[in-house]
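Student: Got a structure for you, written out below as structure tokens; questions coming shortly.
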Amino acid sequence: MIYLDNAATTRVCPEAAQAALEVMTRDFGNPSSRYALGRAAAERLAAGRAVVARALGCQAEEVVFTSCGTEGDNWAIRAALELGKRKGKHIVTTAIEHAAVLEPLRALSAQGYEVTYLRPDRSGRISPAQVQGALRPDTVLVSMMLVNNELGTLLPVREAAEAVQRSGCPALVHTDAVQGFLKVPFTPEGLGVDLLTLSGHKVGAPKGVGALYVRTGRKLPPLLLGGGQEGGLRSGTEATAQIAALAAACQAWLDRREEHTAHMTALKQFFLESLQAALPQAVVVSAGDAPHICAVSLPGYPSEMLVRELSDRDIFVSAGSACRRGKPSYVFAATGRPKWELLGTLRVSFSPENTREEAAALVSALQEIARGRVSQASRPRRVQTPTQP
Ligand code: PLP
């Protein structure tokens, strides 16, 4: 199996699996219990929080564990609006956010909020001037992802936070850093954000755990009421095994961070160069700023068909965000690139585990598929493409 869809999810790393097993079978106490087993669980939880905080570059008290990135995004948005409810009803975001941001915002527009969606240019980038121009005295939230999950582009979050400061509007700044966490260097303070979302299963931890960074001093309304866990913000017995696994995955990544970044950067470059050499008609839709994501297109070959053909060869890549399976990607469409180019777009996303042989195998498989298709070019399923300059 060749797995090149690491922006969708990752294999759980051995350190995370080991930590989860230990907590599930040995250190399984409830952190709220007062006896030794419970105290040990509370200590392990605190140690895990400290590791995640170190990975983020923030204080441990600023990390609240959640169940996933979607929960963090939904909570951050609703909490920010609750805090700003007497100050305004305007929100600024981008047209290329994940559904975990866009869907709650869509629901909020039905409740009287006005949302400004910033659109990217052809390369998938948003300019700081666009953010500046969209801010209003009644803007109460700016939500902008750090790295786009389909294009791999970096968005100007720091500049957005600076623009909010300069404008004097009451907005809180939230960033969905699910794809940027550990992959690109940042700290929440350096970005100037109030709220930041991350998700464990994109970095070698299991599914079912994430975290929300809440800047010191921001008094969020609780997500869940009950036993008062997570500083009273999110009651419910902590998911100790998943949290221990997240901490172990973060630590394993931190131990080899530079090596991982250099490896994925080189691998992506190798893939893009090999692809263009092998298939001159291939289009690089986005080379991605983040080391692990790029998007390429094979005009004339619908993405769904490519994904299926590759899958038959035991190679897994995505036709766009896995969360929008079967539908054309609104992210690729938002770049305004021509439809003939976008119809064949694939997202290829690497992990530190991937090898050059795997990247080369993907290129060969695409070449093989293209050869097969070219020999049947007259079949009606083929999409007509204009001559490339
Ligand atoms: N935000 C981004 C940018 C993502 O890529 C994803 C997952 O694909 C999410 C949010 C949702 O995270 P989760 O799957 O942990 O809910």
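Bear in mind that the values in this text are calculations on the coordinates, not laboratory data. Fair warning: this is a prediction, and the values are worked out from it, not measured in the lab. Cβ placement follows ideal geometry from the backbone for every residue including glycine, while neighbour counts extend to all protein chains displayed.
Student: Find, to one decimal place in angstroms, the Kirkwood hydrodynamic radius of the chain, where the mean of 1/r is taken over every pair of different Cα atoms and then inverted. List each step's numbers first, then the result.
Tutor: Working: mean 1/r = 0.0457 Å⁻¹.
Radius from the Kirkwood sum: 21.9 Å.
Student: Helix-derived [θ] at 222 nm for the chain: sum -39500 (n - 2.57) over DSSP H runs of at least 4, divide by residue count, nearest 500? Provide the component values of the computation, followed by the final result.
Tutor: Details: 13 runs with 157 residues, N = 389.
Value at 222 nm, helices only, nearest 500: -12500 deg cm²/dmol.
Student: Distance in nm between label sites at VAL115 and GLN165, each 7 Å beyond Cα in the beta-carbon direction?
Tutor: 2.8 nm
Student: Next up: Suppose R0 equals 22 Å. What FRET efficiency, 1/(1 + (r/R0)^6) with r the Cβ-Cβ distance, do TRP340 and SER123 give to the nearest 0.05? Write out the running numbers ahead of the final one.
Tutor: Numbers: r = 18 Å, r/R0 = 0.83.
It comes to 0.75.
Student: When the chain is treated as a GNM, springs tying every alpha-carbon pair under 10 Å, which of ALA129, ALA163, ALA359 comes out with the largest mean-square fluctuation?
Tutor: Answer for the Gaussian network model of the chain: ALA129.
Student: For segment 257-373, place one equal point scatterer on every Cα, skip the solvent, and apply the Debye formula. What is log10 of I(q)/I(0) at q = 0.17 Å⁻¹?
Tutor: Here log10 of I(q) over I(0) equals -0.80.
Student: Continuing with the same structure: Roughly how tilted is helix 99-109, in degrees to the nearest 10 and between 0 and 90, from the longest Cα axis of the chain?
Tutor: Approximately 70 degrees, to the nearest 10.
Student: Stokes-Einstein at 37 °C, 0.692 mPa s, Kirkwood radius from Cα pairs: D for segment 170-281 in µm² s⁻¹?
Tutor: On the way: Rh = 16.6 Å.
Diffusion coefficient, whole number: 198 µm²/s.
Student: Between 0 and 90 degrees, rounded to the nearest ten: what's the tilt of helix 356-374 against the longest Cα principal axis of the chain?
Tutor: The two axes meet at around 40 degrees.
Student: Compute a Gaussian network model of the chain, connecting alpha carbons closer than 10 Å, and tell me which residue from ARG26, ARG218, ARG234 fluctuates the most.
Tutor: Greatest mean-square fluctuation among the candidates belongs to ARG26.
Student: In degrees between 0 and 90, to the nearest 10, how far off the longest principal axis of the chain does helix 303-312 point, with axes built from Cα atoms?
Tutor: With rounding to tens, the tilt is 90 degrees.
Student: List the pair-distance distribution P(r) of segment 237-277, using every Cα-Cα distance, as the percent of pairs falling in each 10 Å bin from 0 up to the bin containing the longest distance, rounded to whole percents.
Tutor: 26, 28, 23, 17, 5, 0
Student: List the residues, sorted by chain then number, that are 5 or more residues from PHE186 or on another chain and whose placed amide H is less than 5 Å from its amide H.
Tutor: Amide H neighbours of PHE186, under 5 Å, 5+ apart: none.
Student: Kirkwood Rh over alpha-carbon pairs of segment 77-150, then Stokes-Einstein at 25 °C and 0.890 mPa s: what D in µm² s⁻¹, rounded to an integer? Please report the intermediate quantities before stating the final value.
Tutor: Working: Rh = 12.7 Å.
The calculation lands on 193 µm²/s.
Student: Using Cα springs under 10 Å in a Gaussian network model of the chain, which residue among GLY133, GLY232, GLY72 shows the largest mean-square fluctuation?
Tutor: Of the options given, GLY133 has the highest mean-square fluctuation.
Student: If one puts a single equal scatterer on every Cα of segment 81-212 and applies the Debye formula without solvent, what log₁₀ I(q)/I(0) results at q = 0.13 Å⁻¹?
Tutor: -0.51
Student: Could you name the lysines in cross-link range of LYS87, using Cα to Cα under 23 Å and dropping any fewer than eight places away on the same chain?
Tutor: Straight-line reach from LYS87, under 23 Å: LYS219.
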